[in-house]
Amino acid sequence: GDSVTQMEGPVTLSEEAFLTINCTYTATGYPSLFWYVQYPGEGLQLLLKATKADDKGSNKGFEATYRKETTSFHLEKGSVQVSDSAVYFCALLGSGGSNYKLTFGKGTLLTVNP
Amino acid sequence: GAGVSQSPSNKVTEKGKDVELRCDPISGHTALYWYRQSLGQGLEFLIYFQGNSAPDKSGLPSDRFSAERTGGSVSTLTIQRTQQEDSAVYLCASSLASGTSTDTQYFGPGTRLTVL
């Protein structure tokens with residue numbers, strides 16, 4: 001079945017540091033890929049998405065590129081802020097028969113210190 | 001516009017009691033989903049409703065769990081005879097339509113269930 005593996009946290013960075021959170025997936029066909037973010041005390045929010053190979057999703061300075069050859073969708077940001085502290089989830093939506101079930105990674109807690 | 005809303009935001013119950021969790025999807029969204037977020041298991045799919053089709057209940061962990069969606073809008077997730085392992089955050093999501101891999105699911109704030 002489909003699966004998502006993302007880098008274990010927690011990740012602690014200083015403000016303005018470069019961020020990478022690795023995400024790789026296993027799926028048949030051509031899934032869509034997502035990053036969701038959960039700020040403290042809040043629900044899941046869609047951060048960005050990519051629906052086909054080589055697409056780049058971007059939002060709020062975050063980027064991720066859908067790499068089919070490496071089955072990856074790594075999240076990057078050039079300069080993090082304290083307000084980026086949150087839990088980040090990589091997820092995929094399969095293209096097979098159950099193409100409505102999101103499969104999530106376990107989440108990566110990011111803490112950005114001033 | 002209004003997002004997905006869920007109630008209650010927090011629920012504390014005693015082991016063996018029944019609980020009902022409510023979800024109001026975004027207006028016009030025909031697809032509705034329930035997920036569970038727990039420390040040990042991460043985020044897991046529970047159930048999916050799409051229009052008038054039979055729901056996909058394949059993610060429900062036991063027959064103590066059930067869900068319905070009335071009038072194609074509001075959904076209720078019911079857990080009977082709650083157990084301590086049911087403690088988790090229950091998330092509801094909705095989307096415009098399913099059957100496409102580009103469909104985006106929008107999540108509510110969740111209901112935190114604690115079973116004592």
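The values are calculated or read from the model by the stated rules, or taken from the named source; none is laboratory data. The structure displayed is predicted, hence computed values, not measured ones. Note that we place each Cβ from the backbone using ideal geometry, even for glycine, and neighbour counts take in every protein chain shown.
Out of all the residues in the range A:66-84, which are surrounded by fewer than 17 Cβ atoms within 10 Å (Cβ to Cβ) and within 11 Å of the chain's Cα centre (by Cα)?
A:E76
Test each condition in (1) in contact (Cβ under 8 Å) with a residue 12 or more places away in the chain; (2) surrounded by 14 or more Cβ atoms within 10 Å (Cβ to Cβ); (3) within 13 Å of chain A (Cβ to nearest Cβ) for B:G42 and report the one that comes out false.
Among (1) in contact (Cβ under 8 Å) with a residue 12 or more places away in the chain; (2) surrounded by 14 or more Cβ atoms within 10 Å (Cβ to Cβ); (3) within 13 Å of chain A (Cβ to nearest Cβ), the lone unmet condition for B:G42 is (1).
Which members of the range B:1-22 meet the condition of being within 19 Å of B:T82 (Cα to Cα) and not in a loop (DSSP other than H, G, I, E, B)? Explain how you work it out, then say what you get.
Taking the range B:1-22 and keeping what is within 19 Å of B:T82 (Cα to Cα), we get B:7-22.
Matches in the range B:1-22: B:S7, B:N10, B:K11, B:V12, B:T13, B:V19, B:E20, B:L21, B:R22.
Among (1) in contact with a Leu (Cβ under 9 Å, 6 or more places away or on another chain); (2) crowded, with 20+ Cβ neighbours inside 10 Å; (3) part of a strand (DSSP E or B), which single condition is B:T76 missing?
The one condition B:T76 does not meet is (2).
Does the range A:51-59 contain any residue that is part of a loop (DSSP other than H, G, I, E, B), without any contact (Cβ under 8 Å) to a residue 12 or more places away in the chain, on the phi < 0 side of the Ramachandran plot and out of contact with any helix residue (DSSP H, G or I) (no Cβ under 6 Å at 6 or more places or on another chain)?
Yes, the conditions are met somewhere in the range A:51-59.
Report yes if B:L60 is among the aliphatic types (A, V, I, L, M), out of contact with any His (no Cβ under 9 Å at 6 or more places or on another chain) and not in a strand (DSSP E or B), otherwise no.
Numbers: among the aliphatic types (A, V, I, L, M): yes; out of contact with any His (no Cβ under 9 Å at 6 or more places or on another chain): yes; not in a strand (DSSP E or B): yes.
The answer is yes for B:L60.
Scanning for something within 19 Å of B:T104 (Cα to Cα), among the aliphatic types (A, V, I, L, M), touching a residue at least 12 places away in the same chain (Cβ under 8 Å) and surrounded by fewer than 20 Cβ atoms within 10 Å (Cβ to Cβ), does the range A:28-46 turn up at least one residue?
Yes, the range A:28-46 has at least one match.
Looking at (1) at pLDDT below 90; (2) facing another protein chain (nearest Cβ under 10 Å), which one does B:A54 not meet, given that it meets all the others?
Exception for B:A54: condition (2).
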